[in-house]
Amino acid sequence: MKCLRRHRGVTLIELLVGISILGLLMVMAAPGLGEWLANARVRASAEALSASLQFAKGEAVARNARVRFQLTSTLGADCAINTTGPHWVVNMDPDANAAAVAGSCGEALSDTTAPRLLSRHNGREGGANTVVEGSAATLVFNGLGRVVPVPAGDVEFDVRGADEADCVTNGGSRVCLRVIVSAVGQVRTCNTAVSNPHPDAC
């Protein structure tokens, strides 16, 4: 004689209890997730900025020519050079001060046609609230990979969220990063909230 087994499913009460527990866990995790995403956006922008500076330096060395990195207000025909970015472009600079990209950031990439754009980057790809602020709007690398003219000190680019008060250094909980370019062209990224001797310290 065959033995029949009853297959028991999930009752409505068990399902509701499970959904309630899942919802509670999601509500508890939401603030931490939002914070993590905001920090990830800042880190992505800082890494892109560092990569573009390295690209500008590398192109200058490879071409044995001056290459300029510039923070710009937009990436369109109305772009202006601006220390608060949040976008940036890299272009050839064969004649000092003759190849500024103001008003021509939207031109096709070309190393032969003015303004000789090599690359452009939307600094807000990681998030609309990302801010890039530099101690200088323009940085030029020569064929040796050095910054010209030689700056008085390091050139710094702060990458953070829209509100500076959110930074850990100002009592907030968000990570704020800094990309530093030395006079000899060394590019490094550091965390403003970490102190020496930590390797990530600024």
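The values are calculated or read from the model by the stated rules, or taken from the named source; none is laboratory data. Quantities reported herein were computed from a predicted structural model and do not represent experimental measurements. Neighbour counts run over all protein chains shown; Cβ positions are idealised from the backbone, glycine included. Ligands, DNA and RNA are excluded from the accessible area calculation, which covers all protein heavy atoms including side chains. Shrake-Rupley method; radii C 1.70, N 1.55, O 1.52, S 1.80 Å.
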Q: Among the numbered conditions (1) surrounded by fewer than 17 Cβ atoms within 10 Å (Cβ to Cβ); (2) of a type in the set (V, I, T); (3) touching a strand residue (DSSP E or B) at 6+ places or on another chain (Cβ under 7 Å), tell me where V150 comes up short.
A: (3)
Q) Any chance the range 123-143 includes a residue that's farther than 16 Å from S50 by Cβ, out of contact with any helix residue (DSSP H, G or I) (no Cβ under 7 Å at 6 or more places or on another chain) and among the acidic types (D, E)? A) no
Q) Just to be sure, is R124 in a loop (DSSP other than H, G, I, E, B), in contact (Cβ under 8 Å) with a residue 12 or more places away in the chain, charged (D, E, K, R) and open to solvent by 50 Å² or more (accessible area, probe 1.4 Å)? A) yes
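Within the range 159-185, how many residues turn out to be in a loop (DSSP other than H, G, I, E, B) and farther than 24 Å from W36 by Cα? Write out each step before concluding.
Step one: of the range 159-185, the residues in a loop (DSSP other than H, G, I, E, B) are 161-163, 171-173, 175-176, 182-185.
From the residues that got through so far, the ones that are farther than 24 Å from W36 by Cα too are 182-185.
Residues that pass the stated criteria total 4.
Checking the condition acidic (D, E) and out of contact with any strand residue (DSSP E or B) (no Cβ under 6 Å at 6 or more places or on another chain), which residue from E156, E133, E164 passes? Can you show your working first?
Values: E156 fails: out of contact with any strand residue (DSSP E or B) (no Cβ under 6 Å at 6 or more places or on another chain); E133 fails: out of contact with any strand residue (DSSP E or B) (no Cβ under 6 Å at 6 or more places or on another chain).
On inspection, the qualifying residue turns out to be E164.
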Q. If you scan the range 155-187, which residues turn out to be without any contact (Cβ under 8 Å) to a residue 40 or more places away in the chain and under 23 Å from A62 (Cα atoms)?
A. V155, I180, S182, A183, V184, Q186
(Q) What are the pairs with Cβ atoms under 8 angstrom where one residue, in the range 74-90, is aromatic (F, W, Y) and the other, located anywhere, is in a loop (DSSP other than H, G, I, E, B) and modelled with pLDDT under 90? Sequence gap at least six, or different chains. (A) W88/G123
Q: Being farther than 10 Å from M92 by Cα, among the hydrophobic types (A, V, I, L, M, F, W, C) and at pLDDT 85 or above is the filter here, so list the residues in the range 107-129 that pass it.
A: A108, L109
Q) Within the range 145-158, is even one residue more than 24 Å from R66 (Cα to Cα) and part of a loop (DSSP other than H, G, I, E, B)? A) no
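Matching residues to (1) open to solvent by less than 70 Å² (accessible area, probe 1.4 Å); (2) part of a loop (DSSP other than H, G, I, E, B); (3) under 18 Å from V179 (Cα atoms):
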| residue | (1), (2), (3) |
| --- | --- |
| S45 | yes, no, yes |
| A51 | yes, no, yes |
| D78 | no, yes, no |
| T84 | yes, yes, yes |
| S110 | yes, yes, no |
| V132 | yes, no, yes |
